[in-house]
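The values are calculated or read from the model by the stated rules, or taken from the named source; none is laboratory data. All values derive from a computational prediction rather than experimental measurement. Don't worry about glycine lacking a Cβ; one is built from the backbone with ideal geometry, like all the others, and counts go over all protein chains shown. Protein only, heavy atoms only, side chains kept; ligands, DNA and RNA dropped before computing areas. Shrake-Rupley method; radii C 1.70, N 1.55, O 1.52, S 1.80 Å.
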Amino acid sequence: MPSRFSGAITQDWEPVILHKSKPKPSDLRDPKAVNQALRAGVSVSTVKKSNAGSNKKSSSAVPVIDARKLDEAGEPAALERVSTEVRQAIQRARLEKKMSQAELGKQINEKPHVILEYESGKAIPNQIVLGKLERVLGVKLRGKVHHGK
């Protein structure tokens, strides 16, 4: 029987190195991959995004004030606050419906702290939040927004 390989057969002692490709960023966020890494004892870091889980938009939290108006004004521009009549209307309507601040917050998908700020007059009026309050409480609020004290 003739051999197919003509010549001396030698052992190849050169090491063969196999490299794993780096995981893609989308694979790293996969819950299965995270759990597998945790089980393997690999350190896993988590990063909290600044506005994650909150119902606030970065642009609507603070109204944009024109730079020229700021330059022309002798005093710093004061941000508009919820007026006394709006505060009292929210509180009266909430109490008439026998709701707590937390219950009202839950119904309009806002945190109870938002309701507290509106009722104490510390909140900067947001038309979206006022619209939700009007709908749930059945009271007109948006015609009454003035500079409060």
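Brief remarks on what is shown
- Some residue of segment 42-57 being open to solvent by less than 100 Å² (accessible area, probe 1.4 Å), assigned to a helix (DSSP H, G or I), farther than 22 Å from Tyr118 by Cβ and at pLDDT 70 or above: no
- Filtered residues of segment 77-131 (kept if in contact with a Pro (Cβ under 6 Å, 6 or more places away or on another chain), in a helix (DSSP H, G or I) and either modelled with pLDDT under 90 or surrounded by fewer than 16 Cβ atoms within 10 Å (Cβ to Cβ) (or both)): Ala102
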